Structure formats: structure tokens, C-alpha cells
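> First the structure, which I've put down as C-alpha cells, then a few questions once you've had a look.
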Amino acid sequence: MAKSDNFYLRVEVVCPADQTVVEQELDLGSYVNLGPKSSTLLRINAVDVAFQDADGLVPAVDAGGAAFANWVLATQPSTTMTRISDRSIVSSGSIQMYNATGGAGSPSAISDQSDINPRQMVDGYDVAVDTLYLRGVADNAFNETVYIGLVLECQQITANQSNATALAISQT
């Protein structure tokens with residue numbers, strides 16, 4: 001078996017179908033350590049997302065409804081969704097669903113998008129803060145609560161003190 005120093009972190013946010021922004025913390029204290037001479041940082045190589053209901057299925061959408069859900073993974077907390085121009089954004093994305101049937105249920109069409117994903121970067125996305133924040137929102141065309149779950153493919157890397165401090169300051 002091939003040796004890999006990658007590991008996976010998971011985080012989930014539970015979004016009521018009422019356009020309320022909900023946030024969940026992901027503690028990184030075991031992975032990030034800013035030291036006086038050298039530091040350990042978390043490198044996120046990829047972010048994979050799932051939009052599910054309480055049973056792990058595709059969320060139901062109202063009859064004839066078009067529904068959306070958005071998510072943001074950030075280095076800073078917020079009570080609102082954050083645009084990609086915000087320097088705290090690590091990754092973000094959305095899903096749109098449409099139900100062309102006459103009754104509430106599984107969507108007829110689904111389209112999802114990652115606006116920014118560390119998988120698209122040459123060397124992933126380095127994190128120098130102790131906590132990440134997953135925010136999500138689901139609109140009221142969903143017929144049930146939407147669970148937005150992320151799986152982060154990560155590794156620990158070392159950095160010198162000045163690089164780690166500059167990165168930490170830029171992410172706050």
C-alpha cells in the first residue's frame with residue numbers, strides 16, 4: 001500500500017429550509033501550532049461537499065420549486081454569507097435544484113458548483129488559524145432541513161515563524 005501523509009477532516013452544518021445562515025466550527029488546534037522557530041500548518045488539498053437530508057438522501061424540493069443552498073468555509077466567524085472577495089474564504093460553493101413534478105419530492109434537475117476549491121490550486125490552501133467555520137444557508141423551496149457536509153483532504157506542513165505569522169495575520 002502506498003504511504004500517504006494525507007488525512008481527512010469532516011464538518012457538517014444543519015440548515016433549516018428558511019434562508020437562515022447557520023455556522024459550525026471545526027477545531028484545528030490539534031493540527032495548527034504557531035511556534036517561536038517553526039510552525040505546523042494545515043494544508044487543505046481538496047474539499048468535497050454533500051447536500052443531504054436527515055436520512056442521507058437528496059433533499060426534497062417543493063412541487064414546481066427551484067431551491068438553492070450555499071456554503072462557505074472560512075477562517076473567521078460571521079452571521080452572514082461571505083463573498084469570495086473576503087480574505088477569510090478558504091472554499092465555497094452552491095447547489096441549485098428544480099422539481100418539475102406536481103408533488104414535493106426528489107428534484108428533476110440538480111446543478112452544483114464550487115466557486116473556489118483548494119483542489120484547483122497548485123499546492124492546496126494553507127491554514128494558520130485554530131478554527132475553521134462552515135456556514136450554510138438553504139432556501140424555503142426545500143421541503144426539509146438540508147445537511148451540508150464537507151470532507152477536507154488535509155496534511156500537516158511545517159513553516160518558519162515569519163511565514164506562519166504572516167499567513168495567520170492574513171487569515172484574521
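> Within segment 140-172, count every residue that is of a type in the set (Gly, Ala, Ser), more than 19 Å from residue 72 (Cβ to Cβ) and outside any strand (DSSP E or B).
5
> Further question: Would you point out the residue of segment 34-67, among those that are open to solvent by less than 10 Å² (accessible area, probe 1.4 Å) and assigned to a strand (DSSP E or B), that is farthest from residue 15 (Cα to Cα)?
Filtering segment 34-67 for residues that are open to solvent by less than 10 Å² (accessible area, probe 1.4 Å) and assigned to a strand (DSSP E or B), the one farthest from residue 15 (Cα to Cα) comes out as 39.
> Conditions: (1) among the polar types (S, T, N, Q); (2) surrounded by 15 or more Cβ atoms within 10 Å (Cβ to Cβ); (3) modelled with pLDDT under 95. Residue 70 meets all but one. Number of the miss?
Only one criterion in (1) among the polar types (S, T, N, Q); (2) surrounded by 15 or more Cβ atoms within 10 Å (Cβ to Cβ); (3) modelled with pLDDT under 95 is unmet by residue 70, namely (3).
> Condition first: at pLDDT 90 or above, under 20 Å from residue 167 (Cα atoms) and touching a strand residue (DSSP E or B) at 6+ places or on another chain (Cβ under 7 Å). Can you find one or more residues in segment 2-23 that meet it?
No, segment 2-23 has no match at all.
> What number of residues in segment 1-30 are under 20 Å from residue 121 (Cβ atoms) and open to solvent by 60 Å² or more (accessible area, probe 1.4 Å)? It would help to see each step written out before you state the result.
Filtering segment 1-30 down to residues under 20 Å from residue 121 (Cβ atoms) leaves 4-9, 11, 26, 28.
Now drop any that are not open to solvent by 60 Å² or more (accessible area, probe 1.4 Å), which leaves 4-5, 8.
Residues that pass the stated criteria total 3.
> Out of curiosity, is residue 128 more than 19 Å from residue 24 (Cα to Cα) and out of contact with any Cys (no Cβ under 7 Å at 6 or more places or on another chain)?
For residue 128, the condition - more than 19 Å from residue 24 (Cα to Cα) and out of contact with any Cys (no Cβ under 7 Å at 6 or more places or on another chain) - is not met.
> So which pairs qualify, if the first residue must be in segment 106-119 and over 14 Å from residue 70 (Cα atoms), the second must be part of a loop (DSSP other than H, G, I, E, B) and open to solvent by 50 Å² or more (accessible area, probe 1.4 Å), the Cβ gap must be under 6 Å, and the two must be at least 6 apart or on different chains?
Note: pairs meeting the criteria are 106/58; 108/100.
> While we're on this one: Being touching a residue at least 60 places away in the same chain (Cβ under 8 Å), out of contact with any His (no Cβ under 9 Å at 6 or more places or on another chain) and under 14 Å from residue 72 (Cβ atoms) narrows it down to one residue among 137, 129, 90; which is it?
Within the list 137, 129, 90, the selection yields 137.
> Determine, yes or no, whether residue 128 is among the aliphatic types (A, V, I, L, M), at pLDDT below 95 and more than 25 Å from residue 10 (Cβ to Cβ).
Against the criterion (among the aliphatic types (A, V, I, L, M), at pLDDT below 95 and more than 25 Å from residue 10 (Cβ to Cβ)), residue 128 does not qualify.
The values are calculated or read from the model by the stated rules, or taken from the named source; none is laboratory data. Because the structure is predicted, anything quoted here is derived from the model rather than measured. Every residue, glycine as well, gets a Cβ built from its backbone with ideal geometry; the counts of neighbours run over all protein chains shown. Calculation scope for accessible area: heavy atoms of the full protein, side chains included, ligands and nucleic acids excluded. Shrake-Rupley method; radii C 1.70, N 1.55, O 1.52, S 1.80 Å.
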